[in-house]
Amino acid sequence: MTDYFLGLDCSTQGLTAKIIDFDRKVIFYSTTINYDKDLPRYKTKNGVVILENEKVVHSYPLMWVECLELMFERFKKENVPLSQIKAISGSGQQHGTVYLNDKFSTTLNNLNPKEPIINQLKDCFSRQTSPIWMDSSTSKQCQEIRITLGGMEDIIKITGSNTFERFSGPQIRKFYQELPDDYQKTTIIHLVSSFLASILVGKNAPIDYGDGAGMNLMNIKSKEWDDGALNATAPQLRSKLPPLANSYDLIGKISHYFVKKYGFNPDTIIVAWSGDNPNSLIGVGLIEKEKAAISLGTSDTYFGYMKDLYLDLSGEGHVFGAPTGDYMSLICYKNGSLARERLKESFQLNWDQFSQILKKTPPGNYGKIILPFYFPEIVPLVLEPKVYRFGLDEKDLEGNVRAIIEARFLSMRLHSQWIREKPRLIYATGGASANEEFLKIAANIFNADVIQFEMTNSAALGAALRSAKTYYDSNQRSIEWQKLVKDFLKIQEAGTIKKDDRYKELYDAMLELYQKCEDYALRGGKNPEKLQKKFIKRFF
Ligand code: XUL
């Protein structure tokens, strides 16, 4: 009998499942449920709800649960051999927090297979919505925590990141300040990842080091909750947080609810869930240095594996725990696919036309640069959305299209310099990585070859691979990470996009120009007009 492993990814816009067949080394089953389309009664747009203003972005934890159940219903309908699944792990959009009251743990323990989970859990929330990673409404709380802990460098040294609006600690503090009674009624605060893991395992699940590092609450060196950070955030916080765990820890067996209702084997193990970025690190096979990954999705991220701990004391980047037990670096952009879509819509283009324009416009874009902050941005920090243009206006169709894609990769190259490693090879993942024209631009800007995958959701695959690793490790049939990822990644490589060395100098110069544009727009730097003219004269 074959060993199957299930990886789930609860992301901003939907829930994806991937089941791997370990013996044949293939992805045996793959499916996605989209919140907007498949669960319309929550009325989300792109999986979120905007409350008050663009800065307050939440989602519904009950919707994630309903989606999980819908996924299992789908498995059943499609005769997925659930009894052969040996282990399950998962991935959650990072930073989002779920607030639960004292009914949660007993309800979980006694879930009745005859009733849908949402009916049983609906009274267990001390807050009906969850602030998610797109929320940027906690600048005040970030500042307060930062000051209490001694300033930016200190908080980076303690938690691996500066305080960020979307991070869980500042979000928890805001909840405590604005709704102190509801905070009091909260007995446990989960991340999206540990919340869904709890449902599968039928008890409160731990938060893993990968996702825990995105809270501004965990000590990045000792990997324990940090008393200073907890106290700076909210009272009695330690008692409201689950314990921390390795990402590879086996946290229990699947709850009887899923055994009875869906026919799982009661011995199916649940492995700690982690954040989507740590899962993707495994899903694209990044377990050695000199390689980096670019994920182009609702958020765009640039990340890499780190053997030794380096911190970005300038405050833009993050360090999280890697599922291997080491570290990972990450920078995150909010103006990902939604910003690209907004620009595309403004010219009424389809993606094919968009790509054709990229194909026929020259690298360097005649020096035209856009800073596309359609939404508040994380890197660099921009709280009031505004689109800045240099050398082009908003009617310049070709200029804008090329500029928004070049801007993405120029910014990634610029803001990842603290990682101190020039990647030799870049792995591309996420929905937009299917676009070869985007990746050609990335390859030339980074002057590195880019590997494209057939499969775009690497987080769910990473979760499935992690669950296999823990399963075999706990059965005295250990497998090396290297071997595990190699076997599964080979089959997915769709091709390599080669860098073109002719553009190296051009993009080195453009990087400087891009930096000057950012300095001018955001930090009162010198007008980059002269430099832009020089650039145009030199290359066009
Ligand atoms: C990472 C981040 C995003 C979310 C998206 O810090 O905020 O990539 O994890 O799901």
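The values are calculated or read from the model by the stated rules, or taken from the named source; none is laboratory data. Small disclaimer: the values here were computed from a predicted structure and weren't measured. Glycine gets a Cβ as well: all are built from the backbone with ideal geometry, and neighbour counts include every protein chain shown.
Of everything in segment 145-160 that's closer than 18 Å to Lys221 by Cα and of a type in the set (Val, Ile, Thr), which residue is nearest to the ligand (Cβ to nearest atom)?
Looking at the filtered set, the residue picked out is Thr159.
So, restricting to strands (runs of 3 or more DSSP E) that lie completely within segment 298-361, which ones have at least 2 residues that are of a type in the set (Asp, Glu) and either within 15 Å of the ligand (Cβ to nearest atom) or more than 18 Å from Ser136 (Cα to Cα) (or both)? Reasoning before the result, please.
Working: elements: 300-306, 318-321, 327-333.
Result: empty, no element qualifies.
Please work out which one of (1) in contact with a Leu (Cβ under 9 Å, 6 or more places away or on another chain); (2) closer than 30 Å to Ala434 by Cβ; (3) crowded, with 17+ Cβ neighbours inside 10 Å is the condition Tyr503 fails and give its number.
(1)
I need the full set of residues from segment 381-404 which are modelled with pLDDT of 95 or more and either small (Gly, Ala, Ser) or within 20 Å of the chain's Cα centre (by Cα) (or both), in order please.
Scanning segment 381-404 gives Gly391, Gly399, Ala403.
Would you be able to tell me the number of residues in segment 161-185 that are more than 16 Å from the ligand (Cβ to nearest atom), assigned to a loop (DSSP other than H, G, I, E, B) and either under 12 Å from Pro235 (Cα atoms) or of a type in the set (A, V, I, L, M, F, W, C) (or both)?
1
Would you check if there is a residue in segment 186-193 being of a type outside the set (D, E, K, R), closer than 24 Å to Leu338 by Cβ, within 16 Å of the ligand (Cβ to nearest atom) and outside any helix (DSSP H, G or I)?
Within segment 186-193, one or more residues are of a type outside the set (D, E, K, R), closer than 24 Å to Leu338 by Cβ, within 16 Å of the ligand (Cβ to nearest atom) and outside any helix (DSSP H, G or I).
Could we say that Ile118 is crowded, with 20+ Cβ neighbours inside 10 Å and of a type in the set (A, V, I, L, M, F, W, C) here?
Against the criterion (crowded, with 20+ Cβ neighbours inside 10 Å and of a type in the set (A, V, I, L, M, F, W, C)), Ile118 does not qualify.
Report, by residue number, each residue of segment 385-418 that is of a type outside the set (A, V, I, L, M) and surrounded by fewer than 19 Cβ atoms within 10 Å (Cβ to Cβ).
Hits for segment 385-418 are Pro385, Lys386, Tyr388, Arg389, Asp393, Glu394, Lys395, Asp396, Glu398, Gln417, Trp418.
What are the residue pairs meeting all of these: first residue in segment 393-413, first residue in contact (Cβ under 8 Å) with a residue 12 or more places away in the chain and closer than 9 Å to Ala442 by Cα, second residue buried (at least 22 other Cβ atoms within 10 Å of the Cβ) and small (Gly, Ala, Ser), Cβ atoms under 6 Å, and 6 or more apart or on different chains?
Listed pairs, sorted by first residue: Phe409/Ala442.
Does Glu505 count as closer than 30 Å to Phe390 by Cβ, touching a helix residue (DSSP H, G or I) at 6+ places or on another chain (Cβ under 7 Å) and either of a type outside the set (A, V, I, L, M) or modelled with pLDDT of 90 or more (or both)? Steps first, answer last, please.
Working: closer than 30 Å to Phe390 by Cβ: yes; touching a helix residue (DSSP H, G or I) at 6+ places or on another chain (Cβ under 7 Å): no; either of a type outside the set (A, V, I, L, M) or modelled with pLDDT of 90 or more (or both): yes.
Considered against the rule, which asks whether it is closer than 30 Å to Phe390 by Cβ, touching a helix residue (DSSP H, G or I) at 6+ places or on another chain (Cβ under 7 Å) and either of a type outside the set (A, V, I, L, M) or modelled with pLDDT of 90 or more (or both), Glu505 comes out as no.
Scan segment 1-29 for residues that are more than 21 Å from Tyr248 (Cα to Cα), modelled with pLDDT of 95 or more and more than 15 Å from the ligand (Cβ to nearest atom) and jot them down.
Selection gives Tyr29 alone.
Answer yes if at least one residue in segment 144-160 is without any contact (Cβ under 8 Å) to a residue 12 or more places away in the chain and outside any loop (DSSP other than H, G, I, E, B), and no otherwise.
The answer is yes, given that some residue of segment 144-160 is without any contact (Cβ under 8 Å) to a residue 12 or more places away in the chain and outside any loop (DSSP other than H, G, I, E, B).
Which of the residues that make up segment 374-418 are among the charged types (D, E, K, R) and farther than 23 Å from Lys504 by Cβ? Break it down into steps so the answer makes sense when it comes.
Residues of segment 374-418 among the charged types (D, E, K, R): 377, 384, 386, 389, 393-396, 398, 402, 406, 408, 413.
The answer is Glu377, Glu384, Lys386, Arg389, Asp393, Glu394, Lys395, Asp396, Glu398.
Would you confirm, using the coordinates I've provided, whether Gly285 is at pLDDT below 95 and within 16 Å of the ligand (Cβ to nearest atom)?
no
Within 16 Å of the ligand (Cβ to nearest atom) and either in contact with an Asp or Glu (Cβ under 7 Å, 6 or more places away or on another chain) or more than 24 Å from Leu82 (Cα to Cα) (or both): which single residue out of Asn246, Asn277 fits that description? Walk me through it before giving the result.
Working: Asn246 fails: within 16 Å of the ligand (Cβ to nearest atom).
Criteria check complete, one pass: Asn277.
Just to be sure, is Lys18 over 22 Å from Asn265 (Cβ atoms), among the basic types (Lys, Arg) and touching a residue at least 60 places away in the same chain (Cβ under 8 Å)?
Taking the combined requirement at face value, the residue does not satisfy it.
Tell me, which strands (runs of 3 or more DSSP E) wholly within segment 414-509 include 2 or more residues that are in contact with a Ser or Thr (Cβ under 9 Å, 6 or more places away or on another chain)?
425-429, 449-453
Out of all the residues in segment 21-60, which are touching a residue at least 60 places away in the same chain (Cβ under 8 Å) and of a type in the set (A, V, I, L, M)?
Matches in segment 21-60: Val26, Ile27, Val48, Val49, Leu51, Val56, Val57.
Would you confirm whether or not segment 320-329 contains a residue that is more than 30 Å from Lys469 (Cβ to Cβ) and either crowded, with 23+ Cβ neighbours inside 10 Å or not charged (D, E, K, R) (or both)?
So far as segment 320-329 goes, no, none of its residues is more than 30 Å from Lys469 (Cβ to Cβ) and either crowded, with 23+ Cβ neighbours inside 10 Å or not charged (D, E, K, R) (or both).
I'd like to check something: does segment 128-144 contain any residue that is more than 16 Å from the ligand (Cβ to nearest atom), crowded, with 17+ Cβ neighbours inside 10 Å, of a type in the set (Lys, Arg) and more than 25 Å from Leu39 (Cβ to Cβ)?
Within segment 128-144 (the criterion being more than 16 Å from the ligand (Cβ to nearest atom), crowded, with 17+ Cβ neighbours inside 10 Å, of a type in the set (Lys, Arg) and more than 25 Å from Leu39 (Cβ to Cβ)), the answer is no, since none of the residues qualifies.
Can you name the number of the only condition in (1) in contact with a strand residue (DSSP E or B) (Cβ under 6 Å, 6 or more places away or on another chain); (2) outside any strand (DSSP E or B) that Asp36 fails?
With (1) in contact with a strand residue (DSSP E or B) (Cβ under 6 Å, 6 or more places away or on another chain); (2) outside any strand (DSSP E or B) applied to Asp36, the lone miss is (1).
Determine if segment 333-342 includes at least one residue that is surrounded by fewer than 16 Cβ atoms within 10 Å (Cβ to Cβ) and either among the polar types (S, T, N, Q) or out of contact with any Leu (no Cβ under 7 Å at 6 or more places or on another chain) (or both).
Among the residues of segment 333-342, at least one is surrounded by fewer than 16 Cβ atoms within 10 Å (Cβ to Cβ) and either among the polar types (S, T, N, Q) or out of contact with any Leu (no Cβ under 7 Å at 6 or more places or on another chain) (or both), which makes the answer yes.
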